[in-house]
Amino acid sequence: MADTVLYELDHGLATITLNRPDAMNALNIDTKVALRDTLLQAAEDPRVRAVLLTGSGRAFCVGQDLKEHIGLLAADREGSGEGSTMSTVALHYNPIVTAITGMPKPVVAAVNGVAAGAGAGFAFAADYRIVADTASFNTSFAGVALTADSGVSWTLQRLIGHGRAADLLLFPRNISAQDALDLGIANHVVPAADLPTEAAVIARRLAEGPTAAYAAIKESLAFAAGHSLTESLAKEDELQRRAGASEDHATAVDAFVKKERPTFTGR
């Protein structure tokens with residue numbers, strides 16, 4: 001595994017850390033490939049029941065590494081490059097966001113500092129965002145004459161509505177942690193010093209929870225976002241039948257009757 005992305009698995013919780021602190025975790029090609037492959041590894045590993053995504057140093061992720069990007073653009077224009085620089089969207093950003101949103105287990109983003117551009121997109125794609133009080137968000141795309149990528153056109157308006165999403169995309173600016181909480185981007189804001197502990201508590205709770213039920217919740221929310229009420233009700237029926245047949249549901253009902261706390265296995 002590349003040292004630009006760190007991976008740790010402990011009792012069902014996979015912690016993935018972007019690790020280019022000197023570059024504020026900017027996304028060069030090596031980092032994008034490593035993050036994509038690490039997320040796919042976590043998604044496919046049956047031992048993983050929840051994922052915690054964070055950054056090292058003072059940033060969560062500032063998005064595309066523009067220093068590398070400038071060199072790639074110049075090479076493409078001179079004809080000495082390997083192809084379109086913007087193929088990174090299809091090769092890296094789209095698979096990363098699909099891995100976060102599509103994996104059948106919850107993903108918590110612990111936003112320890114600025115999350116900009118694709119970095120913000122990765123945080124928006126997570127199922128839960130716990131944010132340091134010193135952190136901030138910035139869509140930033142229009143500032144470099146680009147449109148939204150990394151799923152932001154889909155995720156942001158579902159978090160805060162079309163009008164507010166358009167405002168933040170057309171007029172990119174720093175959004176403080178408190179403003180992110182007020183807008184509905186952040187689920188929880190904590191003092192920066194407490195973020196690692198608080199994020200681990202939340203992620204650990206999810207890792208110990210009913211994994212199959214969480215997967216069904218993710219699937220139902222994604223489905224309902226693009227389908228009618230009638231179709232969504234049918235989907236709920238399908239998913240509830242599946243959840244009702246799980247070992248965890250039987251365990252939970254039995255524990256409820258006995259007035260005990262259930263221990264879930266994720267099956």
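The values are calculated or read from the model by the stated rules, or taken from the named source; none is laboratory data. The shown structure was predicted, so the numbers you read here are calculated from the model rather than taken from an experiment. Note that each Cβ is placed from the backbone with ideal geometry, even for glycine, and that neighbours are counted across all protein chains shown.
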- In region 98-111, residues that are assigned to a helix (DSSP H, G or I) and more than 18 Å from residue 48 (Cα to Cα) total 0
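Yes/no matrix, rows are residues, columns are (1) assigned by TED's automatic domain parsing to the domain that holds residue 65; (2) within 29 Å of residue 227 (Cα to Cα); (3) among the small types (Gly, Ala, Ser):
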site: 145; (1), (2), (3): yes, no, yes
site: 149; (1), (2), (3): yes, yes, no
site: 158; (1), (2), (3): yes, yes, no
site: 161; (1), (2), (3): yes, yes, yes
site: 164; (1), (2), (3): yes, yes, no
- Quickly run through region 161-192 and pick out the residues that are in a loop (DSSP other than H, G, I, E, B) and touching a Lys or Arg at 6+ places or on another chain (Cβ under 9 Å). 184, 185, 186, 187
- Item | Among (1) under 30 Å from residue 158 (Cα atoms); (2) touching a helix residue (DSSP H, G or I) at 6+ places or on another chain (Cβ under 9 Å); (3) not aliphatic (A, V, I, L, M); (4) not in a helix (DSSP H, G or I), the one test that residue 242 misses | (4)
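Of all residues in region 155-164, which are touching a residue at least 24 places away in the same chain (Cβ under 8 Å) and farther than 13 Å from residue 123 by Cα? Write out each step before concluding.
Step one: of region 155-164, the residues touching a residue at least 24 places away in the same chain (Cβ under 8 Å) are 155-156, 158-160.
158, 160, listed by residue number.
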- Kindly indicate which of 3, 65 is at pLDDT below 95, surrounded by 21 or more Cβ atoms within 10 Å (Cβ to Cβ) and of a type in the set (D, E, K, R). 65
- Item | Considering residues of region 169-200 that are in contact with a Phe, Trp or Tyr (Cβ under 8 Å, 6 or more places away or on another chain) and hydrophobic (A, V, I, L, M, F, W, C) only, the residue nearest to residue 150 (Cα to Cα) | 169
- Of (1) touching a helix residue (DSSP H, G or I) at 6+ places or on another chain (Cβ under 9 Å); (2) under 30 Å from residue 121 (Cβ atoms); (3) at pLDDT 95 or above; (4) not aliphatic (A, V, I, L, M), residue 266 satisfies every one except (3)
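So, in region 21-43, exactly how many residues are touching a residue at least 40 places away in the same chain (Cβ under 8 Å) and among the charged types (D, E, K, R)?
2
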- Note on the structure: In region 29-55, residues that are surrounded by fewer than 19 Cβ atoms within 10 Å (Cβ to Cβ) and not in a helix (DSSP H, G or I) total 3
- Message: If I filter region 222-266 down to residues being aliphatic (A, V, I, L, M) and under 20 Å from residue 49 (Cβ atoms), which single residue comes out as surrounded by the fewest Cβ atoms within 10 Å (Cβ to Cβ)?
- Response: 245
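Would you be able to tell me the number of residues in region 156-204 that are of a type in the set (S, T, N, Q) and within 14 Å of residue 138 (Cα to Cα)?
Looking only at that region, the number is 3.
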- Item | Subset of region 9-43 [of a type outside the set (Gly, Ala, Ser), under 30 Å from residue 264 (Cβ atoms) and over 16 Å from the mean Cα position of the chain (by Cα)] | 9, 10, 11
- Query: Pick from 96, 130: which is touching a residue at least 40 places away in the same chain (Cβ under 8 Å) and touching a Lys or Arg at 6+ places or on another chain (Cβ under 6 Å)?
  - Reply: 96
- Failed item, numbered, when residue 173 is tested on (1) closer than 30 Å to residue 262 by Cβ; (2) in contact with a strand residue (DSSP E or B) (Cβ under 8 Å, 6 or more places away or on another chain): (1)
- Pairs only if they're at least six apart or on different chains, beta carbon under 9 angstrom, first in region 253-265 and free of Cβ contacts under 8 Å to residues at least 12 places away in the same chain and β-branched (Val, Ile, Thr), second in a loop (DSSP other than H, G, I, E, B) and surrounded by 11 or more Cβ atoms within 10 Å (Cβ to Cβ); list them, first residue then second. 253/262
